[in-house]
Structure formats: C-alpha cells, structure tokens
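What follows is one structure encoded as structure tokens, with my remarks underneath.
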Amino acid sequence: MRHDFNNKETLSDEIQQKETIKARPKSVLEAFEYIVEAAEDSKLSEEFFEKISIYVRYASRKLKLSPIQTVLLALFVDRSEDNSIRISEIASYTGCRTTKILRLSSEIDTLEEKHYLRASRSHRNTLSYRVPSDVLKTLKKDQAYIHNVEPIVDLQTFFDRFNDLMEEMDNDEITHETLLTQTNDYITEIKATYFVRTLKSFYLSDEDILLFIFMAHLFIENDDDHIGFHDIDNLYDNDKIPHWCK
C-alpha cells in the first residue's frame, strides 16, 4: 500500500517536472507574451511575480535587466506599434494607480539609458515613449539590445548622423542643448576635414556653427537654399528662436 502511494507521489513529481519544462519559454518574445497576459489587472503584485517567475527569469537573464525592468519592457513592447506610449496606459492595463508606475520612473529611465526605449518630452510637458525598430529586430533574434554608435569617418556620415539628431529633435526626444553638444562631438570626430578646418577659421560661436550646419543640412536634404525663419524654428525648443538670429 505504501509502495503504491510512493509510486503515485513519484508520478506526480514527474508530471510537475514535465509541465515546468513545457512551460519554459523558448524566446524572449514568448516570455513577454506570457508576462503581458498575466499583467492585466495584476496590480504588479507579489502573486503576479510569483506566477510569471519562470518567464521573467528567462527574459531578464537574456536581456541583462532586473525583473521589474523586464516586465515594464514587455508592456512597452506589447504597445510598440504606438510611438507615443504613456505611463497612464501601462497603469490602466495593469490595474495600478499612475502614481505606482511613476514610482518606477527610475527603472524606466534605465531602459531609456540602455536605449530600449526613447522618451519624448513635448513642449506641453507631456511624456511618452516608443520602442525603436532596432530594439524590436534584436528581440526577434532573442538577443539583448546593445546600442553601438559607429564612428564618423567623413562628411557624408556626419550629415547622415546630424539628420538622425534632427529627427529626434522633431520628435521631442532630445533638447536643443543635447543637439548642440552632440553636434560638437560629431564635429570633433571629423576635425581634420577641410570642411571643419574652414568652418573653424571663421571663429564662430558654437550656436552659430550649429545654425550654419542646420542650414547646410536643409540645403542637402531639400536641395533648396530658400530658407526662412519657419525652417529655423525647428532648431530650437518650444519654437523659440533667439533674438540674435531673427
């Protein structure tokens, strides 16, 4: 009788082990799918984290993120078709108060620093996020995203990179100050070129150099040298053009 009981117990353990093996995710996106499904109205409680532990463990190890960062990223990726994802949407889906998600702002900031997310801070003081396409491509390969910036080797690369900066500026993802700093860094990388040596010979301020490069960018992109103030205001935060360039 005892022998039969032990056999049943052993069989039960084997079934549980098989179910655990079967439940183990095969990819990060599969883990995200389970996480997102379980997150709905979960309030991100301890019970929720216990329920999805195997999926969070798999994804967090792959992506080198903390468990809460992994959950947040899964929720953002689930909404990646939207380029303006708001924290209030995450809060509503998970059944949390917006203040609870705001308490996790430092975790979201880390995702932004690692370039898993890009933040947009508009002049109306609204904050939203998007998941870059490069991140989605990497996740489909079941890999962690590593943001690598290729060196600028020539003038063509310089203006291509500046065009990327202007797209981020147009999307309110960077400020004028960041644009100025990044542009100066890019100029330093090609300081030996005839273009930069000539530009430096005019002894312009950093702001004037940025304005000149921006106008050159518009000419290259649009093949049009008729540049008005309505074009220049894209260069500045909140559509404020400094008095010195009016």
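The values are calculated or read from the model by the stated rules, or taken from the named source; none is laboratory data. Please read these numbers as outputs of a predicted model, since none were measured by experiment. Don't worry about glycine lacking a Cβ; one is built from the backbone with ideal geometry, like all the others, and counts go over all protein chains shown.
In this structure, does Asp164 turn out to be surrounded by 16 or more Cβ atoms within 10 Å (Cβ to Cβ), of a type in the set (Asp, Glu) and either assigned by the TED database to the domain that holds Arg121 or closer than 27 Å to Thr126 by Cα (or both)?
no
Which residue is surrounded by the fewest Cβ atoms within 10 Å (Cβ to Cβ), if the candidates are limited to segment 112-139 and must be touching a helix residue (DSSP H, G or I) at 6+ places or on another chain (Cβ under 9 Å) and part of a helix (DSSP H, G or I)?
Selected residue: Leu136.
Could you grab me the full set of residues in segment 38-90 that are closer than 20 Å to Lys100 by Cβ and among the acidic types (Asp, Glu)?
Selection gives Glu40, Asp41, Glu46, Glu47, Glu50, Asp78, Glu89.
Counting just the residues of segment 180-214 that are touching an Asp or Glu at 6+ places or on another chain (Cβ under 8 Å) and assigned to a helix (DSSP H, G or I), which one comes out surrounded by the most Cβ atoms within 10 Å (Cβ to Cβ)?
Leu180
Taking segment 215-230 as the region of interest, how many residues are modelled with pLDDT under 70 and assigned to a helix (DSSP H, G or I)?
Qualifying residue count for the region: 2.
Report, by residue number, each residue of segment 95-105 that is assigned to a loop (DSSP other than H, G, I, E, B) and either outside the structural domain of Ala119 (by the TED database) or touching a helix residue (DSSP H, G or I) at 6+ places or on another chain (Cβ under 7 Å) (or both).
Arg97, Leu104
Which one of Leu155, Leu165 is more than 25 Å from the chain's Cα centre (by Cα) and among the hydrophobic types (A, V, I, L, M, F, W, C)?
Exactly one residue qualifies, and that residue is Leu155.
Among the candidates Asp170, Asp154, which residue alone is farther than 25 Å from Thr193 by Cβ and among the acidic types (Asp, Glu)?
Criteria check complete, one pass: Asp170.
Restricting attention to segment 141-191, which residues are in contact (Cβ under 8 Å) with a residue 40 or more places away in the chain and among the aliphatic types (A, V, I, L, M)?
Of everything in segment 141-191, those that are in contact (Cβ under 8 Å) with a residue 40 or more places away in the chain and among the aliphatic types (A, V, I, L, M) turn out to be Ala144, Leu155, Met166, Met169, Leu179.
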